[in-house]
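Trainee: The structure that follows is given in the form of structure tokens.
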Amino acid sequence: MLKKRCLYLMILFSVSALISASSKNFVTIESKEQLQKEMDSQETIVIKWHATWCGACSAYKKLFEDYAIEYPDVKFLDVDVDKLGDISQKYQIKFLPTTTFIRNKKEFSRKSGPIQKDEFKAILEKKDVKKKEVTKEDKDESQSKEKDTLLDKAKNFVKTITTPIRKIFS
């Protein structure tokens, strides 16, 4: 019974890691070097500065992730100020959450607090960022393909690890 629980937990953690890594234009920043690399890689970047203890930040999280889906040509970065305090000081983050908009390595807008959809859209469109029109059918199809791909990856992963684990516990 314990063997099955261990195997189940290993599979669960692996699948959740695959799911969180699914969005190509949404990145959680873990280091100063990673932030610099991401800033060098794309023309338009939106950074959300937050903390895990911040209630407004938690409420804004889902909305920010939705923006990443709606604007696939924009890179969205997620920075926890408690983990990377030196970076947040460099960018003079004083309120949470704060969203900074960067183009060609220069900040062109900054907003404190959660940003509603219409205001977010106005900031990006004012700066000539082209929004890809996404229909409900496109979203459903994309989510379906993503789920199928993730499910296939998870199944392959389970097949890969199951045999050696069974040998260990046999």
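Trainee: Among the hydrophobic types (A, V, I, L, M, F, W, C), modelled with pLDDT of 90 or more and either surrounded by fewer than 17 Cβ atoms within 10 Å (Cβ to Cβ) or closer than 18 Å to Gln42 by Cα (or both): which single residue out of Phe120, Phe101 fits that description?
Mentor: Exactly one residue qualifies, and that residue is Phe101.
Trainee: Still on this structure, I have one more. Take the residues of the range 104-113 that are of a type outside the set (Gly, Ala, Ser) and in a loop (DSSP other than H, G, I, E, B): which is farthest from Glu43 (Cα to Cα)?
Mentor: Lys105
Trainee: When Ser88 is evaluated against the numbered criteria (1) crowded, with 19+ Cβ neighbours inside 10 Å; (2) more than 17 Å from Ser31 (Cα to Cα); (3) small (Gly, Ala, Ser), which criterion, by number, is the only one it fails?
Mentor: Only one criterion is unmet by Ser88, namely (2).
Trainee: Further question on the same structure: Quick check on Asp82: is it within 14 Å of the chain's Cα centre (by Cα), at pLDDT 90 or above and charged (D, E, K, R)?
Mentor: The answer is no for Asp82.
The values are calculated or read from the model by the stated rules, or taken from the named source; none is laboratory data. Note that the structure is a prediction, hence the values are computed from the model and not measured. Every residue, glycine among them, receives a Cβ derived from its backbone with ideal geometry; neighbour counts consider all protein chains shown.
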